[in-house]
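A.B. asks: Below you'll find the structure I mean.
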Amino acid sequence: MTVSISAIYTPLFSENPLFVPTPISKLPKVISPPPKPPPRSSILCFSSPPDMDAATGPSLYPLHRTKTLHLVRHAQGIHNVEGEKDHAAYMSYDLFDAHLTPLGWSQVGNLHKHVQACGLSKKIDLVITSPLLRTMQTAVGVFGGQAYTDGIDVPPLMVANAGNSDHPAISSLNSPPFIAVELCREHLGVHPCDKRRSISEYQPLFPAIDFSLIENEDDILWTPDVREKNEEVAARGLKFLNWLWTRKEKDIAIVSHSGFLFHTLNAFGNDCHPSIKSEICTHFANCELRSLVIVDRSLLGSDSSTTNYPGKIPRGPDLPSDVADEKHSEKGASK
């Protein structure tokens, strides 16, 4: 299955300054290797009609072969603060499975208000989160309900003070389903802040998050001496994008990490205008939200359309005038 994400990009909420791409004229000249076949998942600008500039022309694609992804990087974590002071701090086990800072929770609150105000909260069919403390705190804080109240017959998304948050419990009432997925984790290995806890430790803290897709109780993916390579993160990202087509949901929020998002998205958009490429591929700020459209360019992985209508019900003659003109001309030429 070949999948693409179009350059229909909406920077819904960001704390980043504007990114200024390097002018093409100043880029070093390199000899490009022969083109490789596109990966099964790819982020591309679509082809335009032959007489149009492919980098600027519009594109069309059937709606039912698309999904909308709302990508979010987690809010500020304690590792972001300490790592800014000294990069060596990332090696500290004091930052194991880093939780959000008070500033990070403020960022979560602001993004929660934004998704409510713009109507996005009513569109989300599913929330996918990396199974680390900071991403799950961000996910439930942004896309969850209001403060949890005892007596409501639904489990909370997060209990009070989960992960030393000093934050009240968060309700799952009127919220979309939440699932934790290992594929969208940060770089694996070496940095203790990127190592997760056991699933049995998380479940009492986040009762309404579904952990059933995580196969192992303990974190067997993280190793203390080998850091996952950038290209391996990108390959994992493609696998994740392909996996999304096994889901029926159309509007999906994904709460992940800077490295995962950057290396997954950076592989694509090379046939777009440079400004579109930079919009897709720049690093995410803490608690930044971007919306992209993912497209199934094969005949697999897409549901049938719920809005298309076949017409001709009841049946009757419907020969278009332009086709009638062509047939009339053909008959005239054959005489």
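A.B. asks: In sequence order, what are the phi-derived ³J(HN,Hα) couplings for the range 74-80 according to the Karplus relation 6.51 cos²θ - 1.76 cosθ + 1.60 with θ = phi - 60°, rounded to whole Hz, with x for glycine and proline?
C.D. replies: For the range 74-80, the Karplus-derived couplings read 4, 6, 4, x, 4, 5, 5 Hz, x marking Gly and Pro.
A.B. asks: Convex hull over the alpha-carbon atoms of the range 83-149: what's its volume per residue in Å³?
C.D. replies: Output value, Cα hull per residue: 123 Å³.
A.B. asks: Please report the projected area of the range 52-127's Cα convex hull averaged over all directions, in nm².
C.D. replies: Numbers: hull surface 36.5 nm².
Mean orientational projected area (the range 52-127, Cα hull): 9.1 nm².
A.B. asks: Just how many % of Cα pairs in the range 186-261 lie over 16 Å apart, if you round to the nearest whole percent?
C.D. replies: 62 percent
A.B. asks: Can you give the three extents of the C-alpha atoms in the range 130-234 along their principal axes, from longest to shortest, in whole Å?
C.D. replies: Its Cα atoms span 47, 24, 22 Å along the three principal axes.
A.B. asks: Now for a separate question. Largest first and in whole Å, what are the equivalent-ellipsoid semi-axes of the range 141-298 based on the Cα gyration tensor, each being the root of 5 times an eigenvalue?
C.D. replies: Working: eigenvalues 170, 85, 46 Å².
That gives 29, 21, 15 Å for the three semi-axes.
A.B. asks: Let me ask you something else. Over 30 Å between Cα atoms, which of LYS113/LYS250; LYS123/LYS229; LYS113/LYS239 qualify? Provide the component values of the computation, followed by the final result.
C.D. replies: On the way: LYS113/LYS250 22 Å; LYS123/LYS229 35 Å; LYS113/LYS239 32 Å.
With Cα atoms farther than 30 Å apart: LYS123/LYS229; LYS113/LYS239.
A.B. asks: Loop only per DSSP, at most 13 neighbouring Cβ atoms within 10 Å: give me the GluC sites (Glu not before Pro) in the range 232-282, ordered by residue number. Intermediate values should be presented prior to the final figure.
C.D. replies: Numbers: sites: GLU232, GLU249, GLU279; in loops: GLU249.
Loop-located and lightly packed - none at all.
A.B. asks: Continuing with the same structure: For ARG227 and ASN270, calculate 0.36 nm times their separation in residues minus their Cα-Cα distance, and state this gained length in nm to one decimal.
C.D. replies: Numbers: separation 43, 0.36 × 43 = 15.48 nm, distance 2.72 nm.
So the extension gain works out to 12.8 nm.
A.B. asks: Here's something else I'd like to know. Express in nm, to one decimal, how much length is gained between VAL323 and HIS64 on full extension, taking 0.36 nm for each residue of separation and deducting their alpha carbon distance.
C.D. replies: Numbers: separation 259, 0.36 × 259 = 93.24 nm, distance 2.85 nm.
Computed gain between VAL323 and HIS64 is 90.4 nm.
A.B. asks: Now a separate question. What is the log10 of I(q)/I(0) for the range 62-183, computed with the Debye formula using one identical point scatterer on each Cα and no solvent, at q = 0.15, 0.17, 0.18 Å⁻¹?
C.D. replies: Rounded to two decimals, the profile gives -0.72, -0.89, -0.98.
Since every read-out is calculated from the coordinates, none of them should be taken as a lab result. In this text the structure is predicted, and so the values were computed from the model without any measurement. Methodologically, a virtual Cβ is constructed for each residue, glycine included, from the backbone with ideal geometry; neighbour enumeration extends over all protein chains shown.
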